[in-house]
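A short worksheet on the structure shown next.
The values are calculated or read from the model by the stated rules, or taken from the named source; none is laboratory data. Predicted model only: the values in this text are computed from it and were never measured. Here the Cβ is made from the backbone with ideal geometry for all residues, glycine too, and neighbour counts use every protein chain on show. Keep in mind that these areas ignore ligands, DNA and RNA; they rest on the heavy atoms of the full protein, side chains included. Shrake-Rupley method; radii C 1.70, N 1.55, O 1.52, S 1.80 Å.
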Amino acid sequence: VLQFLGKTECHFINGTEKVRFLHRHFYNRQEFVTFDSDVGRYEGFTFLGEKWAQFWNSDPKIMENQRTAVDWLCRHNYPIVTPFSVERR
């Protein structure tokens, strides 16, 4: 069985003061490429992942979209997510 999984994560530290955005890609349960907002670019973990990372890192539109995702995706949705995650502890 071949399986592809894309996963987007927002990690909040001190509310929205420090936010980390991760966009991860898996194939057959193995992570092959990821974008980390702290690093600011895609990193490949396999041969194919390195090729995809190289391609995505060379496209300025993709990189601008990913680098600004901390604001338009994570911080924007923080008030919606807060009652289900932070306040349940």
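Here are a few things to note about the model shown:
- In this entry, residue 33 is excluded by the filter for residues that are free of Cβ contacts under 8 Å to residues at least 60 places away in the same chain and in contact with a Cys (Cβ under 8 Å, 6 or more places away or on another chain).
- When the residues of the range 1-30 are filtered to those that are without any contact (Cβ under 8 Å) to a residue 40 or more places away in the chain and aliphatic (A, V, I, L, M), the one that is least open to solvent (accessible area, probe 1.4 Å) is 22.
- The one condition from (1) within 16 Å of residue 62 (Cα to Cα); (2) touching a helix residue (DSSP H, G or I) at 6+ places or on another chain (Cβ under 9 Å); (3) among the acidic types (Asp, Glu) that residue 31 does not meet is (1).
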